[in-house]
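Only one structure is covered here, and it is reproduced in the block below.
The values are calculated or read from the model by the stated rules, or taken from the named source; none is laboratory data. Since we're looking at a predicted model, the values are computed, not measured. Every residue, glycine among them, receives a Cβ derived from its backbone with ideal geometry; neighbour counts consider all protein chains shown.
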Amino acid sequence: MRAWIAGAAAAAVGLILAGCGGEGPYVPSFTAGTGDGNQVCPISIDSVSPVTLGAGGATVPIRLRSESGNSEDLTRETGDGLSFQMSVVSGPGGISSVFSPSSVIVQVGDSRQTELRLTNTDQAPGTFFMTVRAQNPACSAERAFQVTVPTLSEPFRLDAVSSSISTNPDRQGAADFVVRLDDLFVAPSGRAPVTFSASIDGLTDPFSGTSFSPPSVNPTREGTDVRFGFDLRGSVEPGMYTLRVTGSDGTRSSSVAFMLQVPDFSGEVPARPSGR
């Protein structure tokens, strides 16, 4: 049995390393720091800037760096450095994580970077902490960083397919729109679907019948087409109006406006269209 003692004078830390001569690669005996200052890992993880996680996810650079006081341990016997497996050991459950590459080899006086890809799969807005770990059979190093999932006032939006619509001689019309999840928002599962209502500026109870197809939508970034069909009451005079469709999930809402023309099919033009 051979034994080495590598002194780290700058850190006042002693490392006792042991290995079996001629029987496979050298495996250092150090472990992650336990708080007593007696044993440390020969690498560290650089600090990580706070991350804002939108709907498109985020890529976080994670850099491992050899510690100068322990650099001898990275090349003993094989000269190939030490391989560390990367993982996330703590964080919110609604954020998925993937390392690329998932393992990193660090050599003397060197640093190596991996990328951590974060995706919001089911996480409500808030600020959280995640901890990454670089693990070797003999030791590990960890680093915590902050992740913020933003809160937006309108997580979804309604976009008009055509902003101008018109009724037919039977006073019927239709307005087409698309419901989309906002580009910076990921709705957590369990959120109520978006349902719809409609109104015409300046008029009270203008519809004798309405229908939305589909009647409710779970927003996605790709968008869902919705058609609003309506019949106007006979009391609605010909003219130009603003028709509004509002979508609500019970917590937040978003609206889209259409320019509605109600033609005078009788050939008579009123002196002053109401509701303008």
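The listed residues are Asp170, Asp264, Asp205, and the only one of them that is in a loop (DSSP other than H, G, I, E, B), among the acidic types (Asp, Glu), modelled with pLDDT under 90 and more than 30 Å from Asn120 (Cα to Cα) turns out to be Asp264. Exactly one residue out of Gly79, Gly56 is at positive phi and at pLDDT 50 or above: that is Gly79. Taking the criterion of being closer than 21 Å to Leu181 by Cβ and at pLDDT below 95, no residue of segment 226-243 qualifies. Against the list (1) surrounded by fewer than 21 Cβ atoms within 10 Å (Cβ to Cβ); (2) modelled with pLDDT under 90; (3) small (Gly, Ala, Ser), the condition Ser254 fails is (1).
In segment 212-248, which residues are of a type in the set (Val, Ile, Thr) and outside any loop (DSSP other than H, G, I, E, B)? The answer is Val217, Thr224, Val226, Thr242, Val245, Thr246.
Each row is one residue, and each column tells you yes or no for (1) farther than 27 Å from Ile45 by Cα; (2) more than 11 Å from the chain's Cα centre (by Cα).
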position	(1), (2)
Arg117	no, no
Thr121	no, no
Arg133	no, yes
Ala144	no, yes
Arg157	yes, yes
Val161	yes, yes
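Remark: pairs (first residue in segment 211-226, in the same structural domain as Val161 (by TED's automatic domain parsing) and over 16 Å from Ser248 (Cα atoms); second residue assigned to a loop (DSSP other than H, G, I, E, B) and modelled with pLDDT of 95 or more; Cβ separation under 6 Å; 6+ apart in sequence or on different chains) are absent.
Checking each residue in segment 121-148 for being buried (at least 20 other Cβ atoms within 10 Å of the Cβ) and touching a residue at least 60 places away in the same chain (Cβ under 8 Å) picks out Gln123, Val132, Ala134, Asn136, Cys139, Ala141, Val147. Just one residue in the set Ser197, Ser111, Ser96, Ser103 is at pLDDT 85 or above, closer than 30 Å to Phe265 by Cα, in contact with a strand residue (DSSP E or B) (Cβ under 9 Å, 6 or more places away or on another chain) and not aromatic (Phe, Trp, Tyr); that residue is Ser197.
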